[in-house]
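Contents: one structure, followed by commentary.
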Amino acid sequence: MRLTRKNILAIGLAAAALVTTPFAQAQAQGKLKVGLMLPYSGTYAALGNAIENGFRLYVAEQGGKLSGREIEFVKVDDESDPSKATDNVNKLIKRDNVDVIVGPVHSGVAMAMARAAKESGTLLIVPNAGADAVTGAMCAPNIFRSSFSNWQSSFAAGDVVARQGKKKAITITWKYAAGEEMTTAFKEGFEKSGGQVVKQLTLPFPGVEFQALLTDIAAAKPDAVFAFFAGGGAVKFVKDYAAAGLNKSIPLYGPGFLTDGTLEAQGDSAQGIFTTLHYADALNTPRDNAFRLAYAKVYKQQPDVYAVQGYDAGQILAVGLSAVQGDVRKKAEFAAAVEKAIIDSPRGPFTLSKAHNPVQNIYLRKVDGKENKLVSVAAKALNDPARGCRL
Ligand code: PHB
């Protein structure tokens, strides 16, 4: 072949086609569509916003792109309503054709989402909802969690309360999967350490008519109360508990959701409450300090556990995407990379279990002023039992 200008151009083009750089691939793939299915109204609205803030902060720190792909957000307010969850998630999957879904907060909504994700194969990263089944019986290669399982948040609290010398406890929560699983896990841990749960009180989600139940507690005089509420409901419960004078006679405990992101509003009523959670204020590690500073600069407020979980959903996505050069269709490679990764979280580094739930430290915290101050590590590298998962 003679080296004419035309031939040189043809050879050049052929060579360029052979060497597809990640950059060229990312351009060909276009924007990455991220469906955010979170509560933007109702008792969990603040949680949804903090998760989105955390996720966006991580993306911004990567220059606004992951694996060379710009991010396009499609948002759905799931209203923490399980009866609307299947329709909502199918809109994201079928109408909007998203590449990945990040959500939800509410365990009942999560079950419907996990079912749809499993059926369609759409990538799902759960940045809060603790429903045990999501990384248990419903676990799947394309479903990951950046947060916790309900069992994990509350099991260690049982031992903590027993060690503080409490013999008889009452649990109180909303009657749905999260509350039921957290109080059951607390009971399991408490009774294993010699305590006894004498009564389990519930009210419908997201109700805040606590008065009759507080009267029951006052009459029963247990040594301790263990409560799961979160968001707006947690603010009201902790305030009502103190207004009834119960905080003076019967110490209140809970998973950390009871006092996370809520202390501004709870004020004096929350002082001294012990909780267990996979995050705490004043961890004082370089990683967490840098995260908190960056978050406060952008959003003019302190981050909470939900912001951390949103941020880490971004990190998990980035690890998987980078292994597949931005091509989310390569699901096995995506999962293999995430399964091997150590996620450098503000909460401390964690790995994902075989069932794709974080294996993480559970901290004991105590409310002091506007902070859930770290007291100790209640359980080191706690793994969820992943009951029923066959991954
Ligand atoms: C849940 O429904 O799984 C849930 C909701 C709010 C929390 C924690 C768990 O703070």
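The values are calculated or read from the model by the stated rules, or taken from the named source; none is laboratory data. What you see is a predicted model; the values in this text were computed from it and never measured. Quick reminder, even Gly has a Cβ in these numbers, built from the backbone with ideal geometry, and neighbours come from all protein chains shown. Side chains are part of the model used for accessible areas, which takes the heavy atoms of the whole protein and leaves out ligands, DNA and RNA. Shrake-Rupley method; radii C 1.70, N 1.55, O 1.52, S 1.80 Å.
Angle, helix 45-61 long axis vs. longest principal axis of the chain, Cα atoms, 0 to 90°, nearest 10?
Between the helix axis and the principal axis of the chain, the angle is about 40 degrees.
Using mean Cβ contacts within 10 Å as the protection proxy, how do 345-353, 96-104 order, highest first? Spell out each step's value before the answer.
On the way: 345-353: 20.2, 96-104: 24.0.
For the peptides 345-353, 96-104, the packing ranking is 96-104, 345-353.
Which log10 I(q)/I(0) values does region 26-147 give at q = 0.09, 0.15, 0.17, 0.18 Å⁻¹ under the Debye formula, counting every alpha carbon as one identical point scatterer?
At q = 0.09, 0.15, 0.17, 0.18 Å⁻¹ the computed log10 ratios are -0.22, -0.63, -0.81, -0.90.
Along the Cα-to-Cβ line of residue 196, 7 Å from the Cα, sits a label point; which residues in region 140-184 have backbone N less than 13 Å from it?
167-170
What are the equivalent ellipsoid semi-axes of region 222-329, built from the alpha-carbon gyration tensor (square roots of five times its eigenvalues), in whole angstrom, biggest first? Can you show the working numbers first?
Values: eigenvalues 235, 47, 29 Å².
In descending order the semi-axes read 34, 15, 12 Å.
Which distance in Å, rounded to a whole number, links the C-alpha centroids of region 190-248 and region 37-62?
A separation of 28 Å, based on Cα centres.
Pop out the ³J(HN,Hα) list for region 329-346 in order, Karplus 6.51 cos²θ - 1.76 cosθ + 1.60 with θ = phi - 60°, rounded to Hz; leave Gly and Pro as x.
My calculation for region 329-346 gives 6, 7, 5, 5, 5, 4, 5, 4, 5, 5, 5, 8, 6, 10, 8, 7, 7, x Hz in order.
Among DSSP beta bridges whose residues both lie in the chain, state the antiparallel percentage, nearest 5. Spell out each step's value before the answer.
Details: 17 of 51 bridges.
Rounded to the nearest five, the antiparallel share is 35 percent.
I'd like the Karplus ³J(HN,Hα) series for region 242-253: coefficients 6.51, -1.76, 1.60, θ = phi - 60°, whole numbers in Hz, and an x wherever there's a Gly or Pro.
Residue by residue, region 242-253 yields 6, 4, 7, x, 5, 5, 7, 10, 10, x, 9, 10 Hz.
Kindly report the accessible area of the chain per residue (heavy atoms of protein chains, probe 1.4 Å, no ligands, DNA or RNA), in Å².
Numbers: 16400 Å² over 391 residues.
Accessible surface, normalised per residue, equals 42 Å².
For region 301-391, compute Rg over Rh where Rg is the Cα radius of gyration and Rh is the Kirkwood radius from the inverse mean 1/r over Cα pairs.
On the way: Rg = 15.5 Å, Rh = 14.8 Å.
Value, to two decimals: 1.04.
Check which residues have an amide H placed less than 5 Å from residue 377's amide H, if you skip close sequence neighbours.
So residue 377 has HN proximity to 364.
Under a 5 Å amide H to amide H cut-off, with H placed in plane at 1.01 Å, what residues pair with residue 229 once short-range neighbours are removed?
258
How tilted is helix 177-192 with respect to the longest principal axis of the chain? Cα atoms for both, answer in degrees (0 to 90, nearest 10).
That works out to roughly 60 degrees.
Angle between the Cα long axis of helix 107-120 and the longest principal axis of the chain, 0 to 90 degrees, nearest 10?
30 degrees
Picking from 213, 47, 252, which is most flexible by a Gaussian network model of the chain using Cα springs under 10 Å?
In the Gaussian network model the winner is 213.
Dividing the alpha-carbon Rg of region 108-249 by 2.2 N^0.38 Å yields what? Show your work: numbers first, answer last.
Working: Rg = 16.7 Å, N = 142, 2.2 N^0.38 = 14.5 Å.
Normalised Rg, Cα atoms only: 1.16.
Return the sequence-ordered ³J(HN,Hα) values of region 211-216 in whole Hz as given by the Karplus equation 6.51 cos²θ - 1.76 cosθ + 1.60 applied to θ = phi - 60°, using x for Gly and Pro.
These are the phi-based 3J(HN,Hα) values: 4, 5, 6, 5, 5, 4 Hz.
Express in % the proportion of alpha carbon pairs of the chain at distances exceeding 40 Å. Mind dumping the intermediate values first?
Values: 13631 of 76245 pairs.
Cα-Cα pairs in the chain separated by more than 40 Å: 18 percent.
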